[in-house]
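The values are calculated or read from the model by the stated rules, or taken from the named source; none is laboratory data. Fair warning: this is a prediction, and the values are worked out from it, not measured in the lab. For neighbour counting, all protein chains shown are included, and Cβ atoms are generated from backbone atoms with ideal geometry for every residue, glycine included. Side chains included, ligands, DNA and RNA excluded: accessible areas come from the protein's heavy atoms. Shrake-Rupley method; radii C 1.70, N 1.55, O 1.52, S 1.80 Å.
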Amino acid sequence: MAADKRLIVLTNDLPYPPNHGHKVDQYHRWRAFAAQGWRLRLICWRSPNDPPVSPEDERVLRDTFEAIDVLPIPHRPPALAARIARLGRYPSHVASRIPAATTRKRLTREAMAFAPAAVVIDNIYGGVLGETLARACGVPAILRGHNIEHRYLAQQAAATTSLRSKLAWTIARFGLERYEDALVRRVAWTFNISADDVAFWRGRGIERISWVPTVFPDAGAVTILPPAEKRWDIAYIGNLRLPNNLRGIGWFIDAVLPHLRAARPGLSIVFAGANPSAAALAMFARAPDIELVPNAPSADRILANGRVLINPIRSGSGVNVKSIDMLRYDAPIVTTTIGAQGFGPEVDGQFQVHDDAAGFANAIVSALADPHAPAGRAEVRRLFGDVGVANQIALIARIAGVPVD
């Protein structure tokens with residue numbers, strides 16, 4: 001008997017607003033599934049350090065998910081002691097998302113009553129609960145890979161200049177590679193954001209894995225402006241707190257910007273992103289010619305108005321979701337090797353890639369002389385739009401045993 005179009009989805013945190021790479025990926029994917037008639041239940045976590053869940057955020061998500069469980073990550077001493085006790089078996093971020101027995105029993109009862117076709121663990125950290133629910137319901141557990149997490153956390157630890165932050169990233173890595181490798185081997189399938197990460201896992205003997213990029217169900221709904229009507233010469237949008245992003249921004253300000261000032265004085269430049277940290281604000285204080293837009297209400301407002309889009313990321317793994325977002329617009333994109341990694345051959349030629357400051361600056365100046373997207377951008381846009389949506393739905397349906405029209 002074929003299964004119905006029902007999924008339980010577990011995410012690390014609330015997948016809205018989509019102001020961070022993983023939230024962009026999650027929110028747009030599940031919105032696309034819901035639009036195609038899939039019934040979805042969401043289980044996610046919230047740390048006391050996270051912003052409170054607003055009624056508006058919950059209202060928007062209820063257009064996609066028929067039920068939402070936001071589980072607290074407690075920081076009180078008994079909860080921290082329980083997490084420490086689990087560190088021999090589970091890494092810290094996984095241990096913090098193992099619910100208490102009463103909550104686990106309730107979620108299991110509700111999951112069995114819902115009768116999902118599969119449980120999707122959307123990033124590894126909810127894996128313990130996700131596998132528990134999948135076993136109880138007798139359905140496949142499917143994993144969404146956003147990074148090679150043990151590598152990604154190592155890169156964040158290396159990128160941060162704060163001793164406290166470096167210690168936190170380092171502790172979070174304890175046991176992570178072992179857990180991540182075992183989870184990828186156990187699940188029915190992994191659909192990974194990065195083609196390079198797929199190659200990494202296949203090199204370790206994993207075959208039940210495929211490249212499935214971020215999708216935007218309304219890929220044609222972005223604002224397309226002629227270059228003369230755009231507000232800024234250079235535009236960037238991204239998280240303004242993560243160490244790897246800040247490392248790239250600092251490199252742009254300190255190494256690239258002097259070349260640009262010499263070659264093209266008076267350029268209009270905008271950097272936008274959510275919740276800039278004190279370190280980010282200090283960087284932008286050194287560059288008063290950059291317009292900073294904290295907490296921009298719309299990424300479209302920024303990216304549609306940039307004659308040249310840039311992503312100066314210097315470290316990271318997986319696919320940089322901001323690079324995907326930029327591909328939706330008709331503008332040249334200048335980035336680094338890291339910003340262009342993880343894509344399939346379909347995207348070849350869409351990025352101008354330079355890892356040295358002079359080359360990066362010269363590429364921007366050259367692009368400003370002809371600020372149009374390279375040939376093939378429309379086809380690439382479809383890969384992350386309607387074609388990508390159809391491919392994701394077909395893959396999940398096949399693994400879950402759900403017939404699709």
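Details
- Scanning the range 134-176 for residues that are in contact with a helix residue (DSSP H, G or I) (Cβ under 6 Å, 6 or more places away or on another chain) and in a loop (DSSP other than H, G, I, E, B) yields Pro140, His146, Ile148, Thr160, Arg173.
- Members of the range 185-205 that are out of contact with any Asp or Glu (no Cβ under 9 Å at 6 or more places or on another chain) and either of a type in the set (D, E, K, R) or more than 25 Å from Gly339 (Cβ to Cβ) (or both): Arg185, Ala188, Trp189, Asp196, Asp197, Arg202, Gly205
- Residue that is surrounded by the most Cβ atoms within 10 Å (Cβ to Cβ) [pool: residues in the range 187-217 that are in contact with a helix residue (DSSP H, G or I) (Cβ under 7 Å, 6 or more places away or on another chain) and outside any loop (DSSP other than H, G, I, E, B)]: Asn192
- Single residue of the range 218-235 satisfying the filter (open to solvent by 40 Å² or more (accessible area, probe 1.4 Å) and at pLDDT below 95) that is nearest to the chain's Cα centre (by Cα): Asp218
- Pick from the range 97-127, criterion more than 14 Å from Ile8 (Cβ to Cβ) and of a type in the set (Val, Ile, Thr), ranking: farthest from the chain's Cα centre (by Cα): Thr102
- Residues of the range 287-329 classified as of a type in the set (Ser, Thr, Tyr), farther than 18 Å from Ala274 by Cβ and free of Cβ contacts under 8 Å to residues at least 60 places away in the same chain, total: 0
- Yes/no for Arg264 being charged (D, E, K, R), open to solvent by 40 Å² or more (accessible area, probe 1.4 Å) and in contact (Cβ under 8 Å) with a residue 60 or more places away in the chain: yes
- Whether a residue is open to solvent by less than 30 Å² (accessible area, probe 1.4 Å), outside any strand (DSSP E or B), farther than 27 Å from Ser277 by Cβ and among the charged types (D, E, K, R) was assessed, and Glu131 passes this test.
- For the range 147-161, a residue qualifies if it is among the hydroxyl-bearing types (Ser, Thr, Tyr) and open to solvent by less than 50 Å² (accessible area, probe 1.4 Å), and the qualifying residues are Tyr152, Thr160.
- The set of residues from the range 287-301 being aliphatic (A, V, I, L, M) and either over 19 Å from Phe351 (Cβ atoms) or at pLDDT 95 or above (or both) comprises Ala287, Ile290, Leu292, Val293, Ala296.
- Selection count where residues are of a type in the set (Lys, Arg) and closer than 27 Å to Pro258 by Cα, scope the range 313-366: 2
- Among helices (runs of 4 or more DSSP H) entirely within the range 306-405, having at least 3 residues that are among the charged types (D, E, K, R) and open to solvent by 20 Å² or more (accessible area, probe 1.4 Å) singles out 377-383.
- Residue match in the range 134-145 (condition: loosely packed, with under 14 Cβ neighbours inside 10 Å, closer than 24 Å to Pro18 by Cα, in contact (Cβ under 8 Å) with a residue 12 or more places away in the chain and under 21 Å from the mean Cα position of the chain (by Cα)): no
- Failed item in (1) over 21 Å from the mean Cα position of the chain (by Cα); (2) buried (at least 20 other Cβ atoms within 10 Å of the Cβ); (3) assigned to a helix (DSSP H, G or I), with Pro258 passing the rest: (2)
- Hits in the range 106-127 - residues which are assigned to a helix (DSSP H, G or I), surrounded by fewer than 20 Cβ atoms within 10 Å (Cβ to Cβ) and not aromatic (Phe, Trp, Tyr): Arg106, Thr108, Arg109, Glu110, Met112, Ala113
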